[in-house]
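Colleague: Could you have a look at this structure, given as structure tokens, before my questions?
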Amino acid sequence: MLHCRSTLAKRPRLRIGLAGLGAATPNALPEIASHPDYQITAAADVRPEALARFASEIGGETYDSVEALCNSPNVDVVHVLTPNHLHAQHAIAAAEAGKQVICDKPLAISLEQCDAVIDAAERNGVRVLVGHSQSLDAPIRRMAGITNGGELGRVTMVHTAFYSDWYYRPRAGYELDPRMGEGLTMRQGPVQVDIARMLAGGRASSVRAVITSLDPERPIDGSYVAFLAFDNGAAATLVYNAYGHLDSSELTFGINLSGFPAGPKPVSRFASLDEEQAYKDSTRYGGSRMTRDLQGPPRNPHHAFFGLTIASCELGDVRQSVEGLYVYERGARREIAIEEPAKRYTTAELDLMYEAVINDRPLATHDARWGKATVEVCLGILESSRSGETVPMRYQTAYHA
């Protein structure tokens, strides 16, 4: 569990450098900048306009390479926000420079890359935390406490399903190349896998899955259905449909929050891939269409849902509510209110890293070995769909609530 921040007047701050100032930055930056235990001291990106905006808006050092940022003496923690295929390279560079690492999910796009990150971290005595992941939202962590703590008896199954327009959101060219690890399974799958693993104890034993890719102009995966078996006898189903017909917020908040129109092809306004990539670049940090108010309140003050997740135990079921959790048992429903403020991106990861560093102890959860186990499941989903076979898992780790 995350620890409450100290009320002491003087609490040491960690200096954080941002590796990458892309489309994720407008989401991550407000929480990092407002966190009382961190100071943003540097950023790296290949785009001069992004670095210029950072220098004007935040201040601090700017670099045109992540490796140069990692060598700054004014950085304690490197937050890796670069594309998936660069995560391992940049996490390793940070570890080799003796920096703590918060790496956006997934940890890497192969098990070999995961092992290289783990080796670099262990040789250099640094921590690697894998986020952002909505599995660290307070309601999911509280659910995991219930399912792993025996409050409702033994966990038996988990179901998590998300429906969105993710497949047709504007993409850069590399994001549409299946070899780059930017498809649905490797971009969004780690969150669902994290949630299922947390709620079911962590150690998946096998995975069976089917993936679809329905648009030849976008040759990445657009949906998957996966079945996970666990060492403790529990099972989980993971469903993600990203073609934009249904918004699963209708099943959670009761209203459509995404605002995308009905129909599967909102991206058809682009005449070419070059035009689509130019639009995507304009929405990145520093781009002409990056309009989000970095100082403004969250768009939705309630706890976020990563789709609808239901965990079943021997004595009852549990799922998220808008304000916390619903627990169903003995023919009745009770609500557990969760007072912790809703977090949109990375605050939970910052808290976990801070407590580990300041108290000189291992990360409580979502470390590099956990990240490798999640990557193993995601790769298993891809392999099972290709082969039509059940894929055994070999590198799983337990979840400790």
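Colleague: As a test of the formula, what do you get for the chain when each DSSP H run with n ≥ 4 contributes -39,500 (n - 2.57) and the sum is divided by the residue count, at 222 nm and rounded to the nearest 500 deg cm²/dmol?
Modeller: -9000 deg cm²/dmol
Colleague: Could you compute Rg(Cα) / (2.2 N^0.38 Å) for the range 49-113, with N its residue count?
Modeller: Compared with the compact-globule rule of thumb, the range 49-113 sits at 1.15.
Colleague: Among bridges DSSP assigns within the chain, what percent are antiparallel (round to 5)?
Modeller: Around 60 percent of the beta bridges assigned by DSSP in the chain are antiparallel ones.
Colleague: Identify, among 131, 86, 150, the residue whose Cα sits farthest towards the positive end of the charge dipole of the chain, taking +1 on the Cβ of Lys and Arg and -1 on the Cβ of Asp and Glu, with the dipole about the Cα centre.
Modeller: Checked the options; the winner is 150.
Colleague: Once you have the alpha carbon radius of gyration of the range 7-74, what is it after dividing by 2.2 N^0.38 Å, with N set to its residue count?
Modeller: 1.13
Colleague: Only four residue types carry charge here, +1 at the Cβ of Lys and Arg and -1 at the Cβ of Asp and Glu. Report the dipole size of the chain about the Cα centre in Debye, rounded to the nearest 20.
Modeller: For this selection, approximately 580 debye.
Colleague: Under a crude label model (7 Å from the Cα following the beta-carbon direction), how far is residue 56 from residue 364 in nanometres?
Modeller: Result for the modelled spin labels: 4.0 nm.
Colleague: Using Cβ contacts closer than 10 Å as the measure, can you line up 374, 41, 283, 309 from fewest to most?
Modeller: Placing the least packed residue first, the sequence is 283, 41, 309, 374.
Colleague: Any chance you could run the full-extension gain for residue 11 through residue 314? It's 0.36 nm times the residue separation minus the Cα-Cα distance, nm to one decimal.
Modeller: This chain segment gains 104.7 nm when fully extended.
Colleague: Would you count, across the chain, every pair of lysines whose alpha carbons are under 29 angstrom apart, provided the pair is eight or more residues apart or spans two chains?
Modeller: Final tally of qualifying lysine pairs is 11.
Colleague: In whole Å, how far is the Cα centre of the range 38-87 from that of the range 93-128?
Modeller: 17
Colleague: What translational D, rounded to a whole number of µm²/s, comes out for the range 125-253 from Stokes-Einstein when the hydrodynamic radius is the Kirkwood one over Cα pairs, at 37 °C and 0.692 mPa s?
Modeller: D = 206 µm²/s.
Colleague: What number in nm² do you get for the range 1-120 if you take the convex hull of its Cα atoms and divide its surface by four?
Modeller: Dividing the Cα hull surface by four gives the mean projection, 8.1 nm².
Colleague: Given N residues in the chain, what is its alpha carbon radius of gyration divided by 2.2 N^0.38 Å?
Modeller: Against the empirical 2.2 N^0.38 Å value, I get 0.95 for the chain.
Rule-based calculations on the coordinates, nothing more; no lab input. What you see is a predicted model; the values in this text were computed from it and never measured. As a convention, Cβ positions derive from the backbone with ideal geometry for all residues, glycine included, and neighbour counts pool all protein chains shown.
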